[in-house]
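Working notes, structure below.
The values are calculated or read from the model by the stated rules, or taken from the named source; none is laboratory data. Being a predicted model, the structure only gives us computed values, none of them experimental. A quick note on method: Cβ atoms are made from the backbone with ideal geometry, for glycine too, and the neighbour counts reach across all protein chains shown. Only protein heavy atoms, including side chains, enter the accessible area calculation; ligands, DNA and RNA are left aside. Shrake-Rupley method; radii C 1.70, N 1.55, O 1.52, S 1.80 Å.
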Amino acid sequence: MSLTVKAVQNGMNGVGMASGAAGLSQDAGKGKSIFAGTMVVPSETDGLVEDKRKDARKQAMRLVGDAWGKDQKLVQRIDGKWKIWENKMTQIKDSETRINDIEEAKARLQEQYEIDPKSQEQEDLDLLEKYQDRQNGVRGLEFTDEEKERLKELQYMERTEYQNEVLKLNHDSGKEKVGIEQLQMQAERIRGSISSDEEKQEISQDMLKAQDTADEILDTAGKEIMNMLVQEGKDKVDQETADEKEKAEEVQEKKEEQQEKIEQSREERKEQQEIVEGNLEADQLEKEFSLKQKNFSNMESAQRTINRMMKENNLVEDDLKGIEIDFEF
């Protein structure tokens, strides 16, 4: 989330902005209206979110990078072994090619000397070649009892020119065969080492595990970022709610103050009314008292008049029985 700030000085608004960029630059130089435009000001949560993203990416990249480095070293080692194995196989093929060339040379000699393949000379030569190969280190050669007996005889017999020529070629062929056997053993050991490394690669699966872990890191970071944004929204809502509540409380306080003033005014009016009524009652009492005083005075005057008439006319009280004087005015 971010805050948008619009800076307007000296009464400049959007309409003033549209009046022309040239005018703005000139006015700005004269200290007049300047429009700052719309700027996005990152909030504190924006910074935390970006830091969280960067940390998660760095951690994931470092984890994947380390795993990739280990995986690459193993891959490079396997590739190197494959190259060595391929080189061994190439050497074996080259030796086999040379052996084939030697065999073809033997065949030409056989034709040149017109040797019957089934002759005793050829059979003895074949046995001598086998023995020569055995002597040169070729493995897997076994001799029957008959062959052993014949070899004992051949050791004292003179060889023909053809046999000597062929045995010279076979000597080189035997070395190639021994070389092939050694290369094959080396190639087998290398192939076994490659298989072992490939099994380690399949078992470890560092790259896949690192990728899964990196995904988890990024996923966790994403959830934490979401929680941060949700919390910011909640805090904002809580703040707005608190502000609204504070405003409502202020309005309520003002209403109560106004009500108190109204009540006070009512009390004051009531007191004034009671004072007025009290004054009226006092005036009434005063008037009644004055009337009573007047009536009393009139009654005394009337009594004095009656007494005087009685004296003047020598009237007795019996003569006054029929006289009624109303003193209520």
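Here is a yes/no grid of residues against (1) under 30 Å from Ser43 (Cα atoms); (2) at pLDDT 65 or above; (3) among the aromatic types (Phe, Trp, Tyr); (4) not in a helix (DSSP H, G or I):
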position	(1), (2), (3), (4)
Glu224	yes, yes, no, no
Val230	yes, yes, no, no
Glu250	yes, yes, no, no
Glu257	no, yes, no, no
Gln264	no, yes, no, no
Glu267	no, yes, no, no
Asn295	no, no, no, no
Asn307	no, no, no, no
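Exactly one residue out of Ile194, Ile180 is touching a helix residue (DSSP H, G or I) at 6+ places or on another chain (Cβ under 6 Å) and either free of Cβ contacts under 8 Å to residues at least 24 places away in the same chain or farther than 27 Å from Leu127 by Cβ (or both), and it is Ile194.
Report yes if Gln112 is at pLDDT 95 or above, open to solvent by 100 Å² or more (accessible area, probe 1.4 Å) and touching a helix residue (DSSP H, G or I) at 6+ places or on another chain (Cβ under 9 Å), otherwise no.
On the way: at pLDDT 95 or above: yes; open to solvent by 100 Å² or more (accessible area, probe 1.4 Å): yes; touching a helix residue (DSSP H, G or I) at 6+ places or on another chain (Cβ under 9 Å): yes.
Yes: the conditions hold for Gln112.
Evaluate region 138-157: report whether one residue or more is open to solvent by 40 Å² or more (accessible area, probe 1.4 Å) and in contact (Cβ under 8 Å) with a residue 60 or more places away in the chain. No, region 138-157 contains no residue that is open to solvent by 40 Å² or more (accessible area, probe 1.4 Å) and in contact (Cβ under 8 Å) with a residue 60 or more places away in the chain. Across region 93-107, the number of residues qualifying as under 60 Å from the mean Cα position of the chain (by Cα) and surrounded by 13 or more Cβ atoms within 10 Å (Cβ to Cβ) comes to 1. For first residues located in region 110-130 and of a type in the set (S, T, N, Q), partners that are open to solvent by 70 Å² or more (accessible area, probe 1.4 Å) and lie 6+ apart or on another chain with Cβ distances below 7 Å form the pairs Gln122/Asp116. Give the residue that is modelled with the highest pLDDT, with candidates limited to residues of region 29-44 that are surrounded by 11 or more Cβ atoms within 10 Å (Cβ to Cβ) and touching a strand residue (DSSP E or B) at 6+ places or on another chain (Cβ under 9 Å). Among residues in region 29-44 that are surrounded by 11 or more Cβ atoms within 10 Å (Cβ to Cβ) and touching a strand residue (DSSP E or B) at 6+ places or on another chain (Cβ under 9 Å), the one modelled with the highest pLDDT is Ser43. How many residues, within region 165-207, are open to solvent by less than 60 Å² (accessible area, probe 1.4 Å), farther than 23 Å from Gln91 by Cβ and at pLDDT 95 or above? Qualifying residue count, region 165-207: 2.
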